[in-house]
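Colleague: Let me begin by handing over the structure; questions about it come next.
The values are calculated or read from the model by the stated rules, or taken from the named source; none is laboratory data. Being a predicted model, the structure only gives us computed values, none of them experimental. Quick reminder, even Gly has a Cβ in these numbers, built from the backbone with ideal geometry, and neighbours come from all protein chains shown. We work out accessible area using only protein heavy atoms, side chains counted, and drop any ligands, DNA or RNA first. Shrake-Rupley method; radii C 1.70, N 1.55, O 1.52, S 1.80 Å.
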Amino acid sequence: MSARDPIEDHGLLRFLTCGSVDDGKSTLIGRLLYDTKAILADTLSAIERTSQKRGLSAVDLSLLTDGLQAEREQGITIDVAYRYFSTGTRKYIIADAPGHEQYTRNMVTAASTANLAIILIDARKGVLTQTRRHSKLAALVGIPHLVVAINKMDLVDYAQEVFEKIKADYLAFAAKVGIQDVRFVPLSALNGDMIVERGEALPWYDGPTLLDILETAPAAHTEHAEKFRFPVQYVCRPQDSANPELHDYRGFMGRVESGTIQAGDAVTVLPSGRQSTVKAVQLGGVDIGEACTEQSVTLLLADEIDTSRGDMIVKTKEAPAAVKEIRATICWLAETPLDRARTYLIRHTTRDTKAKLTSIDHRLDVNTLENLPADKLAMNDIAEVSFKLAQPLFVDPYAENRATGAFIVIDESSNNTVGAGMIL
C-alpha cells in the first residue's frame, strides 16, 4: 500500500467480553488498549503507580477497566465498563461484562448492542458452568459472532493438547445449544501473546491473532439486507413568522433503525396506513438525499399526514406486522418480581402501550440451561413470556431486526425499567 492509498474503514464494531471470574477479562482489554497504543500517558502513569504500590514488578493492565472502587477492592467486575479505542481501520466499543450470576442483567444489557462476543476461558480450568451460561446468553441476545479466547496459555506451558481439548469440549456444548459461528484463539493476556502481536510462544497455532479477528469481523447491519424502519421521535414545526419558507415546514425527526431511505421513495406511516413519498432527507437542515442505518435525520413527506411521536415510517412494500399480543424472551431486571395482576408499560422504539402478562411459558435455568416451569420471575431471571397489549405495536422478530424486535418493560408507578425483552 502506498502512502497515498486511502485506508479502508471497516465500520464501528461493538463487542463484549465475558467469562468466569478471574479468567482475565480486564487484563485482556488492558492489553488490547496498551498494545494498540490507545492509553493516554497520564492514565498509564496512574496505573503504573498503583501497580508499584501493590508491589508488582509489571504494570497491572486490569486496572484500566475496573472503574468502580468496589471492583478494585474485590478484584472483580460488577458494572459494565465501556472502553473505546481505534486502529487505523476501524473504531471499537468494548463492553466488559461482569462474570457473576447475580449480575446477569448487567450482561444482558451490555450484550444487547454487541455484534461479537469474546468468551474467555482459563486454560487451566477449561469449559465451566459460567462459560456455558455466557455463551447461551450471548446466543440468546442475538450476538452473531463468538470468539472463544483460551487465556493463560503461559500457565499450561503453551501446550497445544490443552487448547485442542478445550476446543473439542466447547464445540460439543455449542452443537447442543445451537451456536454456529464460533472461532478459537489461544493467548496470554499477561504476556501479550496472540492478542495484537503473535509473540514467539505459540508457533503451532497458525490462525489469526485476536486483533486480526476483530479487524475483519462484519460490522452491524452489513450481513443481510434490512427493511427500512424509522420510528418518529419528534415532529418539527419551526416557528419563524419572518421566513415564509418555514410556514408549511413539517419534518419528522428520528433515527433510521435499519435499512436506507432516499428522496422519492414511497413510504407508509403506521398506524394510520396513509401513503406518501419522501420529498427530502435532511441532516442539520441540509438536504442529504439519502440516509442509512443509525443516522438521525429529518424526513419531509410530499403529503400532509397527521403523524406524531410513536408512529413509524416504513417503505410501502415492507410494512411490519401490527400485533396486539407478543411472545418474547424477557430478562427481569427489577428486585420486585413480575406480577401477573399488574399492568405494565411496554416501550417499543418510540411507542408506549399498556400491557398485561398473559403467560410465562418457561424459565431458563442459567446454570443447567434447562427450561423450567415458572409462575413468577425474580431479578436476573430469563423466561419466555406472552403479553397482551392495549394498542398495536409494529414489530419484527428480534432475530431479523434487533431495534424493532426489542422492547423494555416499565413499572407505571415508579417509572423504573423493570424488564428487557426480545420478540420471538
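Colleague: Are any residues in segment 190-229 assigned to a helix (DSSP H, G or I) and polar (S, T, N, Q), and if so, which ones?
Modeller: At the first step, the residues of segment 190-229 found to be assigned to a helix (DSSP H, G or I) are 210-216.
Thr216 - this is the single residue of segment 190-229 that is assigned to a helix (DSSP H, G or I) and polar (S, T, N, Q).
Colleague: Since Pro373 meets every condition but one in (1) of a type outside the set (A, V, I, L, M); (2) farther than 30 Å from Glu290 by Cβ; (3) in contact with an Asp or Glu (Cβ under 8 Å, 6 or more places away or on another chain), which condition does it not meet?
Modeller: Looking at each condition in turn, Pro373 falls short on (3).
Colleague: Does segment 181-189 include one or more residues that are in contact with a Lys or Arg (Cβ under 6 Å, 6 or more places away or on another chain), assigned to a loop (DSSP other than H, G, I, E, B), within 26 Å of Leu12 (Cα to Cα) and touching a residue at least 12 places away in the same chain (Cβ under 8 Å)?
Modeller: Taking segment 181-189 first, the residues in contact with a Lys or Arg (Cβ under 6 Å, 6 or more places away or on another chain) are 184, 189.
Cutting the leftovers down to assigned to a loop (DSSP other than H, G, I, E, B) gives us 189.
Keeping just the survivors that are within 26 Å of Leu12 (Cα to Cα) gives 189.
Filter once more, keeping what is touching a residue at least 12 places away in the same chain (Cβ under 8 Å): 189.
Scanning segment 181-189 turns up at least one residue that is in contact with a Lys or Arg (Cβ under 6 Å, 6 or more places away or on another chain), assigned to a loop (DSSP other than H, G, I, E, B), within 26 Å of Leu12 (Cα to Cα) and touching a residue at least 12 places away in the same chain (Cβ under 8 Å).
Colleague: Would you please list the contacts, defined by Cβ atoms under 7 Å and residues six or more apart or on different chains, that run from a residue in segment 392-407 that is more than 12 Å from Ala420 (Cβ to Cβ) and at pLDDT 90 or above to a residue that is open to solvent by less than 10 Å² (accessible area, probe 1.4 Å) and part of a loop (DSSP other than H, G, I, E, B)?
Modeller: Hits for this filter: Val395/Thr404; Val395/Gly405; Asp396/Thr404; Asp396/Gly405; Pro397/Gly405.
Colleague: Okay, moving on. Taking the stated definitions as given, is Asn380 modelled with pLDDT under 95, loosely packed, with under 14 Cβ neighbours inside 10 Å and not basic (Lys, Arg)?
Modeller: On the way: modelled with pLDDT under 95: yes; loosely packed, with under 14 Cβ neighbours inside 10 Å: no; not basic (Lys, Arg): yes.
Here the answer is no, as Asn380 does not meet what is asked.
Colleague: If you don't mind, there's one more thing I want to ask. Taking segment 190-205 only, how many residues are more than 14 Å from Leu120 (Cβ to Cβ) and free of Cβ contacts under 8 Å to residues at least 60 places away in the same chain? Give the derivation first.
Modeller: Residues of segment 190-205 more than 14 Å from Leu120 (Cβ to Cβ): 191-193, 196-205.
Imposing the further condition that a residue be free of Cβ contacts under 8 Å to residues at least 60 places away in the same chain reduces the set to 191, 193, 198-205.
The number of residues fulfilling the criteria is 10.
Colleague: So which of Gly259, Gly192 ends up being surrounded by 14 or more Cβ atoms within 10 Å (Cβ to Cβ), touching a helix residue (DSSP H, G or I) at 6+ places or on another chain (Cβ under 8 Å), small (Gly, Ala, Ser) and within 30 Å of Met312 (Cβ to Cβ)?
Modeller: Working: Gly192 fails: within 30 Å of Met312 (Cβ to Cβ).
Only one candidate qualifies: Gly259.
Colleague: Testing Glu197 on (1) over 30 Å from Ala149 (Cβ atoms); (2) open to solvent by 50 Å² or more (accessible area, probe 1.4 Å), one condition comes back false. Which one is that?
Modeller: Every listed condition holds for Glu197 apart from (1).
Colleague: Take Ser62 and decide whether it is modelled with pLDDT of 75 or more, small (Gly, Ala, Ser), open to solvent by less than 60 Å² (accessible area, probe 1.4 Å) and farther than 24 Å from Ala219 by Cβ. Give the derivation first.
Modeller: Numbers: modelled with pLDDT of 75 or more: no; small (Gly, Ala, Ser): yes; open to solvent by less than 60 Å² (accessible area, probe 1.4 Å): yes; farther than 24 Å from Ala219 by Cβ: yes.
Taking the combined requirement at face value, the residue does not satisfy it.
Colleague: Another question, if that's okay. Need the failing condition index for Thr358 against (1) open to solvent by 20 Å² or more (accessible area, probe 1.4 Å); (2) among the hydroxyl-bearing types (Ser, Thr, Tyr); (3) within 20 Å of Ala138 (Cα to Cα), just the number.
Modeller: (3)
Colleague: Restricting the first residue to segment 267-293 and requiring it to be within 16 Å of Val235 (Cβ to Cβ) and in a loop (DSSP other than H, G, I, E, B), which pairs with a second residue that is open to solvent by 20 Å² or more (accessible area, probe 1.4 Å) and of a type outside the set (Phe, Trp, Tyr) meet a Cβ separation below 6 Å and a spacing of at least six or different chains?
Modeller: Close Cβ pairs satisfying both conditions: none exist.
Colleague: What's the total number of residues in segment 206-222 that are surrounded by 14 or more Cβ atoms within 10 Å (Cβ to Cβ), touching a residue at least 40 places away in the same chain (Cβ under 8 Å) and of a type outside the set (A, V, I, L, M, F, W, C)? Don't jump to the end; show me each part of the working.
Modeller: Quick first cut of segment 206-222, residues surrounded by 14 or more Cβ atoms within 10 Å (Cβ to Cβ) only: 208-215, 217-221.
Filter once more, keeping what is touching a residue at least 40 places away in the same chain (Cβ under 8 Å): 210-211, 213-215, 217-221.
Subset that is of a type outside the set (A, V, I, L, M, F, W, C): 215, 218, 221.
Residues in segment 206-222 being surrounded by 14 or more Cβ atoms within 10 Å (Cβ to Cβ), touching a residue at least 40 places away in the same chain (Cβ under 8 Å) and of a type outside the set (A, V, I, L, M, F, W, C): 3 in total.
Colleague: Within segment 128-155, count every residue that is farther than 25 Å from Pro397 by Cβ and either open to solvent by less than 30 Å² (accessible area, probe 1.4 Å) or small (Gly, Ala, Ser) (or both).
Modeller: 8
Colleague: A further question follows. Quick one: Val232 ticks every box in (1) buried (at least 20 other Cβ atoms within 10 Å of the Cβ); (2) closer than 30 Å to Ser26 by Cβ except a single one, so which number is it?
Modeller: In the conditions (1) buried (at least 20 other Cβ atoms within 10 Å of the Cβ); (2) closer than 30 Å to Ser26 by Cβ, Val232 misses (2) alone.
Colleague: Which condition from (1) within 30 Å of Lys91 (Cα to Cα); (2) modelled with pLDDT of 95 or more; (3) in a loop (DSSP other than H, G, I, E, B) is the one that Met253 breaks?
Modeller: With respect to (1) within 30 Å of Lys91 (Cα to Cα); (2) modelled with pLDDT of 95 or more; (3) in a loop (DSSP other than H, G, I, E, B), Met253 is out only on (3).
Colleague: For segment 343-362, name all the residues that are without any contact (Cβ under 8 Å) to a residue 60 or more places away in the chain, aliphatic (A, V, I, L, M) and under 26 Å from Arg255 (Cα atoms).
Modeller: Passing the criteria: only Ala355.
Colleague: Quick check on my filter: what residues within segment 309-320 are open to solvent by less than 60 Å² (accessible area, probe 1.4 Å) and either acidic (Asp, Glu) or not in a strand (DSSP E or B) (or both)?
Modeller: Step one: filter segment 309-320 for residues open to solvent by less than 60 Å² (accessible area, probe 1.4 Å), giving 310-316, 318-320.
Those that are open to solvent by less than 60 Å² (accessible area, probe 1.4 Å) and either acidic (Asp, Glu) or not in a strand (DSSP E or B) (or both): Gly310, Asp311, Thr316, Glu318, Ala319, Pro320.
Colleague: Here's something else I'd like to know. Would you call Asp396 open to solvent by less than 20 Å² (accessible area, probe 1.4 Å), within 23 Å of the chain's Cα centre (by Cα) and of a type in the set (Asp, Glu)? Steps first, please.
Modeller: On the way: open to solvent by less than 20 Å² (accessible area, probe 1.4 Å): yes; within 23 Å of the chain's Cα centre (by Cα): yes; of a type in the set (Asp, Glu): yes.
In short, yes.
Colleague: Is there a residue being farther than 19 Å from Leu369 by Cα, open to solvent by 30 Å² or more (accessible area, probe 1.4 Å), in contact (Cβ under 8 Å) with a residue 60 or more places away in the chain and of a type in the set (A, V, I, L, M) anywhere in segment 114-127?
Modeller: No, segment 114-127 contains no residue that is farther than 19 Å from Leu369 by Cα, open to solvent by 30 Å² or more (accessible area, probe 1.4 Å), in contact (Cβ under 8 Å) with a residue 60 or more places away in the chain and of a type in the set (A, V, I, L, M).
Colleague: Taking Arg340 as meeting all but one of (1) basic (Lys, Arg); (2) surrounded by 19 or more Cβ atoms within 10 Å (Cβ to Cβ); (3) at pLDDT below 90, write down the number of the exception.
Modeller: Arg340 satisfies all of (1) basic (Lys, Arg); (2) surrounded by 19 or more Cβ atoms within 10 Å (Cβ to Cβ); (3) at pLDDT below 90 except (2).
Colleague: Given the condition in contact with an Asp or Glu (Cβ under 6 Å, 6 or more places away or on another chain), modelled with pLDDT under 80 and surrounded by 10 or more Cβ atoms within 10 Å (Cβ to Cβ), answer yes or no: does some residue in segment 48-55 qualify? It would help to see each step written out before you state the result.
Modeller: Of segment 48-55, the ones in contact with an Asp or Glu (Cβ under 6 Å, 6 or more places away or on another chain) are 51.
Subsequent filtering for residues that are modelled with pLDDT under 80 retains 51.
Those still in the list that are surrounded by 10 or more Cβ atoms within 10 Å (Cβ to Cβ) too: 51.
Yes: one or more hits.
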